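Chemist: I am attaching a structure below and will ask some questions about it afterwards.
Taken together, the values in this text are just the output of simple stated rules run on the coordinates, not laboratory data. Small disclaimer: the values here were computed from a predicted structure and weren't measured. Glycine also receives a Cβ, built like all others from the backbone with ideal geometry; neighbour counts cover every protein chain displayed.
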Amino acid sequence: MDMQNDKHSIDLLHAQAHIWNHTFSFIRSMSLKCAIELQIPDIIDRHGAPMLLSELVEALSINKERTNYVYRLMRILIQSGFFVTQTISNGKEEKEAYLLAPVSRSLLNQEPLSTSPFVLGMLDPGLMEPWQHMSKWFQNDDVNPFYTTHGMMFWVFAGQDSKHNQFFNEAMASDARLVTSVMLRHYGDGFKKLNSVVDVGGGTGTVAKAIADAFPNISCICFDLPHVLDGLNGSNNLSYVCGDMFEAIPKADAVLLKWILHDWNDEDCIKILKRCKEAIPNRECGGKLIIIDMVLKNDEVSQNSLETQLFFDMVMMVDQTGRERTEEEWAKLFFDAKFGDYKIIPILGLRSIIEVYP
């Protein structure tokens, strides 16, 4: 039979290729992690010119018996869009050399807004192993696959495992630096009328410190659990306060929740939102809640963004008890917590700023 007319065989082969592609899609992220750990982006950048494979191998701190494998690692990273090649000639022969793709400048260690800590934090074995137990979780009574794997919730695990806690805090700090730089450029007016802000779940204080530096007249509080704030000291208009957001939140003109609510189910979100409402004055006195989180949007323009948002939704299912939400789902939370109104400001790429008013 003519293969071109055998639709059944063609469909089977296409299905196989599709399944294989998804089966091995983890190779992209693991190869990226390997490149970061070997400092390949930084080595190529420091070289200052297109870098030959032989030059890259010589610069890498690797077992030289692995030399022949570096090309294969670079080939998949080129396919994934992290590096590009350029042909260079010495007059006698032409060879391919490596350059950073534009996106990889965000992986460089010296970049203030480097995303490498986030990559390494999210791909840490402690966070990857729960994915192996997702089907088991669907069949048991555990709260999430992370608990099935580790026998404890994520935040307890982070408090007990210093290495994991460091990885996670560095990951969150790297993201906070990037998001805050954009937020202060495009949402600076949102802070100008405030006298005080409390960053709830603020980690090591990256966001609170940036706001404090940009607005010296604003009193900024970084509010988080004791093991997160251990050893941190405030300065000038920045202070660190330990506590539990489910119990009480320090009083301020505005409460900031960056990437907090997506960690929690609807019932817990409403509890947190009510504590936020208690911490701020009414709208007429300038009180507001500032949320940085994803708003799921399903349309043709944002299909690529939606896929990434859905990846995060699965992360919340596996590691936490939360979810990513649509505007309708956000609105229900706000109104169930007795807030009066809200406004979505989509200026943070995959995430948005959501102002919520008492």
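Chemist: Which longest uninterrupted range of the chain lacks any chymotrypsin sites (Phe, Trp or Tyr not before Pro) assigned by DSSP to a loop state (not H, G, I, E or B) and surrounded by at most 15 other Cβ atoms within 10 Å?
Modeler: Details: sites that count: 24, 246.
It works out to 25-245.
Chemist: Kirkwood Rh, the chain, all Cα pairs: how many Å?
Modeler: Values: mean 1/r = 0.0434 Å⁻¹.
23.0 Å is the Kirkwood radius here.
Chemist: So if I take the alpha carbon set of segment 139-285, get Rg, then get Rh from the Kirkwood formula, what is the Rg over Rh ratio? Kindly include the intermediate steps, with their values, before the conclusion.
Modeler: On the way: Rg = 16.1 Å, Rh = 16.3 Å.
Checking Rg against Rh, the ratio lands at 0.99.
Chemist: Rounded, prolate or oblate, given the Cα gyration tensor of segment 65-205, with a/c below 1.5 counting as rounded? Kindly include the intermediate steps, with their values, before the conclusion.
Modeler: Values: a/c = 2.98, a/b = 1.32, b/c = 2.26.
Oblate.
Chemist: Based on the alpha carbons, how large is the Rg to Rh ratio for segment 190-232 when Rh follows Kirkwood? Mind dumping the intermediate values first?
Modeler: On the way: Rg = 10.6 Å, Rh = 10.6 Å.
Ratio of gyration radius to Kirkwood radius: 1.00.
Chemist: How would you classify segment 1-137 from its alpha-carbon gyration tensor, with a ≥ b ≥ c the square roots of the eigenvalues: rounded for a/c under 1.5, else prolate if a/b is greater than b/c, otherwise oblate? Numbers along the way, then the final one.
Modeler: Details: a/c = 2.39, a/b = 1.28, b/c = 1.87.
Oblate is the answer for segment 1-137, as a/c is 1.5 or above yet b/c matches or exceeds a/b.
Chemist: Taking every eigenvalue of the Cα gyration tensor of segment 143-218, multiplying by 5 and rooting it, what semi-axes result, largest first, whole Å? Write down the numbers at each step before the final one.
Modeler: On the way: eigenvalues 203, 28, 25 Å².
Ellipsoid half-lengths, sorted descending, are 32, 12, 11 Å.
Chemist: Sum -39500 (n - 2.57) across every DSSP H segment of at least 4 residues in the chain, then divide by the residue count to get the 222 nm mean residue ellipticity, nearest 500. Please report the intermediate quantities before stating the final value.
Modeler: Details: 16 runs with 165 residues, N = 358.
Helices in the chain give a 222 nm mean residue ellipticity of -13500 deg cm²/dmol.
Chemist: Sticking with this structure for a sec: In whole Å, largest first, what are the principal axis extents of the Cα atoms in segment 15-69?
Modeler: Here the spans come out as 43, 25, 19 Å, largest first.
Chemist: Per residue of segment 119-124, what does 6.51 cos²θ - 1.76 cosθ + 1.60 with θ = phi - 60° give for ³J(HN,Hα)? Whole Hz please, x for Gly and Pro, Karplus curve as stated.
Modeler: Here the 3J(HN,Hα) series is 4, 5, x, 6, 9, 5 Hz.
Chemist: I've got another one for you. When 1/r is averaged over all different Cα pairs and the result inverted, which Kirkwood radius in Å belongs to segment 274-358?
Modeler: Working: mean 1/r = 0.0721 Å⁻¹.
Hydrodynamic radius (Kirkwood, Cα pairs) of segment 274-358 is 13.9 Å.
Chemist: Could you tell me the relative contact order of the chain? Use alpha-carbon pairs under 8 Å, at least six residues apart, and round to a whole percent.
Modeler: 11
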